[in-house]
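> Pasting a structure below so you can have a look.
The values are calculated or read from the model by the stated rules, or taken from the named source; none is laboratory data. Because the structure is a prediction, the values reported are computed rather than measured. Cβ placement follows ideal geometry from the backbone for every residue including glycine, while neighbour counts extend to all protein chains displayed. Keep in mind that these areas ignore ligands, DNA and RNA; they rest on the heavy atoms of the full protein, side chains included. Shrake-Rupley method; radii C 1.70, N 1.55, O 1.52, S 1.80 Å.
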Amino acid sequence: MLLHSYNSRDPKRFNFYHNPSLIYPCSSSWFKVNCNSRTLSGDRKIVVNGKRNKYGGVLPSILRSLESGEDVEKALSLYYGKLNPKEQTVILKEQSSWEKVIKVFEWMKLQKEYVPNVIHYNVVLRKLGRAQKWDELRLCWIEMAKKGLLPSNNTYSMLVDVYGKAGLVKEAVLWIKHMRFRGIFPDEVTMSTVVKVLKDAEEYDVAIKFYKDWCVGKIDLDSFIGSDDGSSLEPMSFKHFLSTELFRIGGRSLTSNVLPVVDAENSVQKPRLTATYNTLIDLYGKAGHLKDAADVFADMLKSGVAVDTVTFNTMIFTCGSHGQISEAESLLSKMEERRISPDTKTYNIFLSLYADAGNINAAIKYYRKIRDVGLCPDVVTHRAIIQVLCERRMVELVEVVIKDMTKFGARIDKQSLPVIIKMYVNEGLTDRAKNLLEKYQFDGGLKSRTYAAIIDVYAEKGLWAEAETVFYCKRDLVGQKKDVVEYNVMFKAYGKAQLYDRAFSLFKSMRSNGTWPDECSYNTLIQMLSGGDLVDQARDLLSEMQGARFKPQCTTFSSVIGSYSRLGRLSDAVSIYQEMVEAGVKPNEVVFGSIIDGFAEIGEIEEALHYFHVMEKSGVSANQIVLTSLVKAYSKVGSVEGAKQVYQKMKDFSGGPDIIATNSMLDLYADLGMISEARLIFDNLIDKGWADGVSFATMMYLYKNMGMLDEAIDVAEEMRHSGLLTDCVSYNKVMACYATNGQLVECGELLHDMVNENLLPDVGTFKVLFTILKKGGIPSEAVSQLQSSYREGKPYSREAVLASVYSVVGLHAFALKSCETLLKAEVVLDSFAYNVAIYVYGATGRTNEALNIFMKMQDEGLEPDMVTFINLVGCYGRAGMLEGVKRIHSRLKYGEIDPSESLFKAVIDAYRNANRQDLAELVTQEMRFAFDTQSDPESEREEVSLSISLIDLLAKD
């Protein structure tokens, strides 16, 4: 519903003036038939919203004196003996407070000429009932009985009304039973009042039965109100005691001076009042008895009972609320034909109906039509149109409505203010939201609950600073303190921003500011701190909460237990669990699931099973999460049979085992090398479309571990093309698989995709990248230099590694782009960065640029190192610059450069690239004399280490 209060979540609480929320199936034919009935053809003028009567004589003077605060005795003594009973009634009715009514009534009763009058008591009882002053009402009732005044139908109707509006529905109905003891049968007004009270309490069947019984002269409410002693009612309270005491008084024998009352018992009768028919139509509509509602409407027309605006409003809403808007429009036409003028409520209904149907243009049309026909939009109108426009974020139209309201002197309703601010915040217009709030505060103060709703808007969007500004803003209402709900939503704002220290500090300051925390405060903070793994602080608050005699929710205990379990502090988790049980809070599946999962993570299968059995004995059914934890526990200890039994049990659930449980089984089979079983589960996941990154990574690990490299690559390819590479871990695993198989180009492409997805390579990524560099043939000195710069966190070390990888796998365009980033750096680069740039430009044949970079390196005062010479020799060789190669060869030969196998090989390759095989053979002989040609054990160990590291990368974390 669009016209509900801001904080209401229950559509049944929607109160639309006469409350015509009739939601039920709607026939399109009977409305047409009834509205075309000839009984509508007569001319009958209906008067609505009548003005207050003007009093003559001495009454205006007396009322002004009493209203001005003048003493009751002084104001009335001048007219001693001159006021008749009717004037006395007027004076009582016009008093604004129940205290003033009592004072005036006491003065009247002290006068000698005063004759006790049931009407006067009715007025006083109504005032006391509306103020919910039940003790005073009881005393007034007793006094009335002592004076021998018999309650009338009006008395009982009034009592039913005030008790019903106070929410005391059964007590209200008890008055009817009291009435029957007096021998009085409800008249139509009383019957209608009872029906309305029961209708508003959603006791539709009881209301319908009461009405039908009344029509045949019978009253039977025992099934609803219980026995005479009230034993079927809720636990005894002072209100129930009042009802039973009144019941005893009402049960006394009638005094002899009481006149007999006309009783309509056992006589057939029909309603004659328009208001009664309106109530009945509303009742049947809300009860879902559409045919009965139609029959009442038809009977109303046939009986010649005048239909009024409320009747049509109710019927219009009845049609429209079930999608029959064309029928509602037809009723509006019939209404105008009957010269029954639609009121603002009529157009509000159409505004709401079209808004619910998504027809915004029609809703706006009816909003504008209100003024077009000479009516004024009311609070409900503005609240409705603002709500529907804000929900659709139609900022300009909302501002037009606000401007229109201002023009005619209307203010934004306090319930609409948070709605508008929410729209602005959702649209990123925080400045407009701030300005609107400041303007509203300037025009008049806001209540704490409204501030809380606005703070909550910011909290939901994670705008803690803006929420804090509203929380600490200056209040216009003198002496106004912040309600606890403001603190609670501020805790929420801090929690979403993970500002736990601020939240805790605010909590500690509450009492000094005159606001005491409630259960919600404690529950919110404990759950927040637990979620941030500040579990020791959460536990202290839990103890404080219990010390304040608040009972923590199950979710609060659960959050603390869950936090301890995540941190591996299982003994503390069990301690809180025992504390929870001792506090009388029944653990649910989430609590048991947290404990079981905690033990499963550390492989404590016995403990996990123990709490699983405790859960079953407690009557808590195991859900998928709990059983998944058990599968995980069995997997940790390698128990295939135990895991299979639990997994089989999960198949009884709707949808079968979830992806987490299935991946746990897959992981277990992979660890045990059970290829067939794993493949069966994996294929099933693929068929269902459930396979995720974990599933693929596990299968890659299994195949790689079993030496089935082709199958591992196939899984990697499938994962790559399935869109499951969403984080660094998944990219790392696939790149590791490709690297193991020597598919280095694919590794480079994946790296580029990863960077384009704005995923920053992590430690695992660089572990794979260094492996790729080694497999790609880059000299070990260059790899070591890059590894060292990366470990030390030198500037642009990451970019240098990426450029080297792109270059070694042949993705030269990507390599050059990365080098441009290096060379444009505003910081002084180390040798490793220049070496990478020389290598990248030399590998692409851009020799001049490579040599210019070498010259720039020397200009910066950096001496060439071994990696520099290796890269320069490669650059000279690819460019056919034989003299450059000879120069470095000569320095190597005569000991000016330390001997390096990598440099010797670079010189040999350079001579061969320059077609000087003779010189290449000469350098080969020199290298043999310089180095032992036997296999290097250290190199062999490096190859073994490389293979193991790749397997580790493919393993599940």
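> First compute the accessible area of the chain with a 1.4 Å probe, then give the percent of it belonging to carbon and sulfur atoms.
C and S fraction of accessible area: 50 percent.
> Tell me the net charge near V162. Cut-off is 12 Å between Cβ atoms, V162 excluded, with +1 for each Lys or Arg and -1 for each Asp or Glu.
Local charge sum for V162: +3.
> Which net charge results when you count Lys and Arg as +1 and Asp and Glu as -1 among the other residues whose beta-carbon is under 10 Å from that of M528?
Net charge around M528: +2.
> Could you list, in their original order, any pairs among K100/K212; K196/K422; K127/K369; K636/K767; K103/K482 whose Cα atoms are separated by more than 30 Å?
K100/K212; K196/K422; K127/K369; K103/K482
> Give me the aspartates and glutamates in straight-line cross-link reach of K270: C-alpha distance below 17 Å, same-chain residues under 8 apart excluded.
D187, E188, D213, D292, D295, D299
> Follow-up. Below 8 Å, C-alpha to C-alpha, sequence gap of six or more: please give me the relative contact order for region 479-560 in percent.
Answer for region 479-560 is 28 percent.
> Using unit Cβ charges (K, R positive; D, E negative) and no other charged atoms, how large, in debye to the nearest 20, is the dipole of the chain about its Cα centre?
Around 6440 debye, computed over the chain.
> Debye sum, Cα scatterers, region 542-603, no solvent: what log₁₀ I/I(0) at q = 0.26, 0.28 1/Å?
-1.05, -1.18
> Relative contact order of the chain: what whole-number percent is it, with Cα pairs under 8 angstrom and at least 6 residues apart?
Once divided by the residue count of the chain, the mean separation gives 6 percent.
> Moving to a separate point now. Taking K86 as the anchor, which aspartates and glutamates have their alpha carbon closer than 18 Å to its alpha carbon, excluding any fewer than eight residues away along the same chain?
E94, E106, E113
> For the chain, what is the mean residue ellipticity at 222 nm derived from helices alone (per DSSP H run of n ≥ 4: -39500 (n - 2.57); sum divided by total residues; nearest 500 deg cm²/dmol)?
-20500 deg cm²/dmol
> Could you tell me the calculated FRET efficiency between K146 and V379, based on Cβ-Cβ distance and R0 = 35 angstrom, to the nearest 0.05?
The value I calculate is 0.15.
> Remind me, relative contact order of region 98-185 in percent, using alpha carbon pairs under 8 angstrom and six or more residues apart?
Dividing the mean separation by the residue count of region 98-185 yields 25 percent.
> Please report, largest first and rounded to whole Å, the three semi-axes of the ellipsoid equivalent to region 322-453, where each semi-axis is the square root of five times an eigenvalue of the C-alpha gyration tensor.
After scaling each eigenvalue by five and taking roots: 30, 16, 12 Å.
> In 5 Å bins starting at zero, report the fraction of Cα pairs in region 618-753 per bin as a rounded %.
Over region 618-753, the share of Cα pairs per 5 Å bin runs 2, 10, 20, 20, 18, 13, 9, 5, 3, 1, 0, 0 percent.
> Loop sites only, by DSSP: take the GluC sites (Glu not before Pro) in the chain that have at most 14 other C-beta atoms within 10 Å and name the longest stretch containing none of them.
So the longest stretch without any such site is 428-756.
> How big is the convex hull of the Cα atoms of region 451-568, per residue, in Å³?
Measuring per residue, one finds 97 Å³ for the Cα hull of region 451-568.
> Starting from the 7 Å offset along Cα-to-Cβ, what nm value, one decimal, do you get for the label separation of M674 and A298?
7.1
> Select one label from (1) 36.4, 125; (2) 34.6, 97; (3) 43.0, 145: the one whose number is Rg and Dmax of the Cα atoms in Å as derived from the coordinates shown.
Only one option fits the structure, namely (3).
> Something else about it: For a label point 7 angstrom out from the Cα of K112 toward its Cβ, which stretches of region 71-88 have the backbone nitrogen within less than 13 Å?
Residues 81 qualify, since their backbone N sits under 13 Å from the label point.
> Accessible area per residue for region 448-535 in Å², computed with a 1.4 Å probe and the full protein assembly in place, what is it?
For region 448-535, the per-residue accessible area is 45 Å².
> State the extension gain, in nm to one decimal, for the chain segment bounded by A548 and K651, taking 0.36 nm per residue of separation less the distance between their alpha-carbons.
32.5 nm
> How big is region 409-475 by Rg and Dmax over its Cα atoms, in Å?
10.9, 35
> What does the charge count near E746 come to, summing +1 for each Lys or Arg and -1 for each Asp or Glu among other residues with Cβ under 10 Å from its Cβ?
Summing Lys/Arg as +1 and Asp/Glu as -1 gives -1.
> If you wrap a convex hull around the C-alpha atoms of region 534-682 and split its volume per residue, what is the figure in Å³?
107
> Just need the Rg to Rh number for region 733-819, please, alpha carbons only, Kirkwood Rh.
We get a ratio of 0.92 for region 733-819.
> L567 to R891: extension gain in nm, 0.36 nm per residue of separation minus the Cα-Cα distance?
110.6 nm
> Test of understanding: extend the Cα→C-beta vector of K447 to 7 Å, then name every residue of region 383-406 with backbone N under 20 Å from that spot.
Those under the cut-off are 383-384, 387.
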